[in-house]
Amino acid sequence: MNIVIVKDYYELSIQAAQIVAAQINKIKKSVLGLPTGQTPLGMYNELIKKYEKDEIDFSQVITFNLDEYYGLSPLHPQSYHYFMWNTFFQHINIKKENVNMLNGITENIDEECQRYENIIQIRGGIDLQLLGIGENAHIGFNEPANVLKSRTHLVNLSNSTVKANSRFFNDIKEVPRQALTMGMGTIMKAKKIVLLASGKNKAPALAKTVNGLVSTRVPASLLQLHKEVTILVDEDAASRI
Ligand code: GLP
């Protein structure tokens, strides 16, 4: 694991955007895996700025989001569809047909998950996967468990994740209890992975991810097995490494 510690959230966002820009400037048709949450917001803002300054062209870029709440329509303000279009995609020149997201209101879960795996394959796999991390070290929505499903699947969210994510909803009762997520196997197939983490609340998860044993109880620790992973963290998140 390549561990890069930066001063603060601002530096983290700048560096993350630089990694994405370098990837796209090298390969225009790059396939990106993208996360949601608060952590990547700064990176998305920096990428929008780069686009506005003509420093980056998204016209051939293909994206796959990591996950989506099960039961939320793409128009729901807390859906990850809505989040991605609102905060990022609508501000850049990405083509709608190149944006791939899981359908949270699918009527056939297995078919939807298989569809997602198939398009990732057809598009040649993910070149650069960006990740956030949950306080319990979940990635995407792969929650700590005795066993993990490798491919895209439906998952039950842990109480701690529901609680952590309730900050985006009016009431904790509105937080979906299930989600569709790429599996750890789907994520680990990416050619390069960059995990972003900021803030003291992520420090325990980061320490276990980097220094701990590889365990499905700490999903992010599986990244130790990948050959091209960068952990990009600010000083607060790195404080227990
Ligand atoms: C959610 C997402 C994850 C994300 C995590 C952390 O549960 N499914 O992909 O990494 O939240 O979010 P934040 O960056 O807001 O702390």
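The values are calculated or read from the model by the stated rules, or taken from the named source; none is laboratory data. What you see is a predicted model, and the numbers here were worked out from it, not measured in a lab. Reconstructed Cβ throughout: ideal geometry from the backbone, glycine too, with neighbour counts over all protein chains shown. Remember, those area values only see protein heavy atoms, side chains included, never the ligands or the DNA or RNA. Shrake-Rupley method; radii C 1.70, N 1.55, O 1.52, S 1.80 Å.
Data overview
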quantity	calculated
In order through the range 235-240: 3J(HN,Hα) via Karplus (6.51 cos²θ - 1.76 cosθ + 1.60), integer Hz, x for Gly, Pro	4, 4, 5, 8, 5, 10
Summed residue charge, Cβ within 14 Å of Leu154's Cβ, Lys/Arg positive, Asp/Glu negative	-4
Compactness of the range 161-241 as Cα Rg over 2.2 N^0.38 Å, two decimals	1.23
Placed amide H near Gln178: partners under 5 Å, 5+ positions off or other chain	Tyr70, Leu157
Accessible area in square angstrom per residue, the chain, 1.4 angstrom probe	46 Å²
Kirkwood-Stokes translational diffusion coefficient of the range 1-87, alpha-carbon pairs, 10 °C, 1.306 mPa s, µm²/s	112 µm²/s
Computed FRET value (nearest 0.05) for Gln38 with Glu111, which takes r as the C-beta separation and R₀ as 35 Å	0.65
Ratio of the Cα radius of gyration of the range 101-212 to 2.2 N^0.38 Å, where N counts its residues	1.12
Interchain or long-range residues, amide H under 5 Å from Val194's placed H	Gln129, Leu130, Leu131, Thr230
Linear extension gain, Lys149 paired with Asn25, 0.36 nm per residue minus alpha-carbon span	41.2 nm
Net charge, Ile62 excluded, C-beta distance under 14 Å - Lys, Arg +1, Asp, Glu -1	+3
Backbone HN-Hα couplings from phi across the range 80-88 [Karplus 6.51/-1.76/1.60, Hz, Gly and Pro as x]	6, 4, 4, 3, 5, 5, 5, 8, 9
Sequence ranges 118-131, 87-100, 28-41, 159-172, ranked by mean other-Cβ count within 10 angstrom, highest first	28-41, 118-131, 87-100, 159-172
Signed unit charges on C-beta, dipole axis of the chain, positive-most listed residue Ile122, Thr216, Leu41	Thr216
Residue-by-residue Karplus 3J(HN,Hα) for the range 66-77, coefficients 6.51, -1.76, 1.60, Hz, glycine and proline x	5, 7, 7, 5, 7, x, 9, 6, x, 8, 5, x
Set Lys50/Lys200; Lys96/Lys192; Lys95/Lys163; Lys49/Lys149; Lys26/Lys189; Lys50/Lys163 screened for pairs whose C-alpha atoms are more than 32 Å apart	Lys95/Lys163; Lys49/Lys149; Lys50/Lys163
Surrounding net charge for Val210, when Lys and Arg each add one and Asp and Glu each subtract one, Cβ distance under 12 Å	+3
Whole-number D in µm² s⁻¹ for the chain, Kirkwood Cα-pair radius fed into Stokes-Einstein, 10 °C, 1.306 mPa s	89 µm²/s
